[in-house]
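The values are calculated or read from the model by the stated rules, or taken from the named source; none is laboratory data. These figures come from a predicted structure and were not determined experimentally. We place every Cβ from the backbone using ideal geometry, glycine too, and count neighbours over all the protein chains shown. In case anyone asks, the SASA skips ligands and DNA or RNA and just uses the protein heavy atoms, side chains included. Shrake-Rupley method; radii C 1.70, N 1.55, O 1.52, S 1.80 Å.
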Amino acid sequence: MTDVTDLTDSAAARYFDHAATTPMRQVAVDTWAEHAHLLNPGGQYASGRAANAVLAQARETVAEILGADPVEVIFTGSGTEADNLALRGFAGVPGARVISTPIEHPAVRETVADLATSGADVELLPVGSDGVVKATDALDTPADVATCMWANNETGAIQPVEEIVARASDAGTPVHVDAVQVVGHMPVDFHGLGATTLAASAHKFGGPRGAGILLARRSPVPAAVLTGGGQQRGLRPGTVDVATAAATAAALKEAVAEMDAEAARLTRLRDMLIDGALHSIPNSRPTVLSESAAEPQSVPGSVSGSGARVLPGHAHLTFPGANGDAMIMLLDTMGIEASTGSACNNGVNQRSHVLEAMGLPDDHVDGALRFTLGRTTTEEDVQFLLGRLPEVIGKARDVAKL
């Protein structure tokens, strides 16, 4: 586990927004610095061959960890770019049929919406109050592409991607999985899953920002969206940043090596946070109750239900009657950094489409907070937060009454 003191001064606060981005691992920094001098990996001369050897090793490392073949690993500039390359590559023609869900990250949601404006026929799978998508017979009719995130970036709820992939594949439909929140945090076997394409983002597991991964099977393959030199099977043409690819592979390797121990540690801290908040703050609720948490009936004001599978580091809570912006500002003044929802929507005063799709009342949606824990999170951080959260929620509820 990286010590909090390894972070920059601006991030040395009690940081609870690891789902948005997590601090870069030292191994990634060192690997990038080691290879930053490398030149064009497409060159046929000695320096080109040297660069290409490092790139090939990075590709092999990623492929081995994620259950893919090296040729299926495409390095991109972000998870968002990987999502776009897959979805537009399969459904970028008028009249395409697209199956998606109402809880996708904007990288998928806005791409699907844009495809719809160009004539695509979009059908959304339903989602339950537990934040889990339901596989329906819509998947049994062929489509140009079906897409579903593996785990939701706001609630942390893990989705039934195995069932969705199996049913869509039986109908001959290519399936794209946005695994940005999962890669580096849960085991991934691309071939075992059977998806056609899969997206990941390096900065979610301690790699460099501005780096993503697209896993793309040999067939069916999305049509090229970009044109250029033909690098990376033509799916992402352009000279590859070898240092960033190597740093991404190094971060992924370290993250996966720590994965089991970190999952157990973060689950304990996550449940401690949720239990402490529910017992100290009246009328507070977990948006999605994890299977490992206490029985909901034992916590006054909590939701009922059997619980859902949730990412180890995700604690999503609602405080009905509280003002979301006020909560974030008050926490910030206390040196606590958290989020009201997707980081890609920060700064925009709009309700979470995820929580609305789950059918939450307006006052629950407006009073939602996402705390996401990562490798720098300590028990002291959680206790620090719990010691101040009741005051923050009380003041934020007063603000909402004005």
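Below is a table of values for the structure above.
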item: Residue with peak Gaussian network fluctuation, the chain [Cα springs, cutoff 10 Å], from 173, 267, 239; result: 239
item: Kyte-Doolittle at least -1.0, axis length at least 27 Å by Cα - qualifying DSSP helices, the chain; result: 46-66, 242-280, 379-401
item: Rounded accessible area per residue of segment 139-192, 1.4 Å, Å²; result: 28
item: Highest-MSF residue in the chain out of 352, 280, 201 [GNM, Cα springs under 10 Å]; result: 280
item: Segment 223-276 - accessible surface per residue (Å², probe 1.4 Å); result: 42
item: Mean residue ellipticity (222 nm) of the chain, computed from DSSP H runs ≥ 4 via -39,500 (n - 2.57), nearest 500; result: -12000 deg cm²/dmol
item: Full-stretch length increase - residue 40, residue 362 - with 0.36 nm per residue and alpha-carbon distance subtracted; result: 110.6 nm
item: Loop sites in segment 22-90: GluC sites (Glu not before Pro), DSSP, at most 15 other Cβ within 10 Å; result: none
item: Among 84, 323, 40: highest mean-square fluctuation, GNM of the chain, C-alpha pairs under 10 Å; result: 40
item: Charge dipole (the chain, unit charges on Cβ, about Cα centre) - positive-most of 317, 79, 228; result: 228
item: Carbon + sulfur, % of accessible area of the chain - ligands and nucleic acids excluded, 1.4 Å; result: 52
item: Extension gain, residue 69 back to residue 264 (0.36 nm per residue minus Cα-Cα distance, nm); result: 67.2 nm
item: Solvent-accessible area per residue for segment 60-111 (1.4 angstrom probe, square angstrom); result: 30
item: Eligible lysines near residue 204 by straight Cα distance, threshold 29 Å, same-chain separation 8 or greater; result: 134, 253
